[in-house]
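Taking it in order: structure first as structure tokens, then the write-up.
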Amino acid sequence: MHSNLNHASPVLQVNDLCVQFKTPNGLVTAVNNVSFDVAQGETVALVGESGSGKSVTSLGVMRLTPPAPRALLSGEVWFKGPRDKQPVDLLSLSEDEMRKRRGLDIAMVFQEPMTSFNPLHTIGRQIAEGVRVHHKISKAAAMDRAAELLDMVGISAPQERLKNYPHEMSGGMRQRAMIAMA
């Protein structure tokens, strides 16, 4: 692992990440040897024109690309979560181990939450479901936690907002609800 400019140990270190997709015309390289570090409390922006690989880079880090052989991931994605004594290479974990980490240790906030939320379920139900996946608590306790999370991201009247469907919230509120869910 290489050192970070601010000398803090990176929480996330991406080394030479490559993401390739199998197409009828052969392999297409969507991300080619991307490397970056993210330290605790640091904000890192991936900037580029449409189609440059920003989203595919993030999907690769989270291992949310289609499974092999449709998509191929290579490189290293070192992550040190709150429960880890040492960084772990996310690309070397089994799918089951990675699934246990997603949403508990590491999460992704998608740019357009309207496509991420299920329009048939309330915001509260969707956030509470995520809470219950990682914590063995009752539905009522999960809804209370969902209200706390909405409050933490600055959504007023969180108990009332739990009852809203995604289309009943503004784009900014949906984005904050997505951050709460993450």
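The values are calculated or read from the model by the stated rules, or taken from the named source; none is laboratory data. None of the values given here were measured: they were computed from a predicted structure. Here Cβ is always computed from backbone atoms with ideal geometry, including for glycine, and neighbour counts include all displayed protein chains. We work out accessible area using only protein heavy atoms, side chains counted, and drop any ligands, DNA or RNA first. Shrake-Rupley method; radii C 1.70, N 1.55, O 1.52, S 1.80 Å.
Some observations on this one:
- Test: residue in the stretch 81-88 that is within 15 Å of the chain's Cα centre (by Cα) and either of a type in the set (Ser, Thr, Tyr) or in a loop (DSSP other than H, G, I, E, B) (or both): yes
- Of all residues making up the stretch 44-57, the number that are open to solvent by 40 Å² or more (accessible area, probe 1.4 Å) and on the phi < 0 side of the Ramachandran plot: 9
- Checking residue 177 against (1) part of a helix (DSSP H, G or I); (2) surrounded by fewer than 20 Cβ atoms within 10 Å (Cβ to Cβ); (3) hydrophobic (A, V, I, L, M, F, W, C), the condition it does not meet: (2)
- Residue match in the stretch 128-136 (condition: modelled with pLDDT of 90 or more, farther than 25 Å from residue 53 by Cα and among the aliphatic types (A, V, I, L, M)): yes
- Odd one out for residue 100 among (1) open to solvent by 80 Å² or more (accessible area, probe 1.4 Å); (2) touching a strand residue (DSSP E or B) at 6+ places or on another chain (Cβ under 7 Å); (3) assigned to a helix (DSSP H, G or I): (2)
- Leading residue by the ranking (nearest to residue 96 (Cα to Cα)) among those in the stretch 133-167 that are among the hydrophobic types (A, V, I, L, M, F, W, C) and surrounded by fewer than 18 Cβ atoms within 10 Å (Cβ to Cβ): 133
- Within the set 87, 66, 82, the sole residue that is in contact with a Phe, Trp or Tyr (Cβ under 7 Å, 6 or more places away or on another chain) and farther than 20 Å from residue 176 by Cα turns out to be 87.
- When 170, 116, 94 are checked against the criterion of being of a type in the set (S, T, N, Q), within 16 Å of residue 63 (Cβ to Cβ) and open to solvent by less than 80 Å² (accessible area, probe 1.4 Å), a single residue qualifies: 94.
- Lone unmet requirement of (1) crowded, with 18+ Cβ neighbours inside 10 Å; (2) under 25 Å from residue 134 (Cβ atoms); (3) not aliphatic (A, V, I, L, M) for residue 85: (1)
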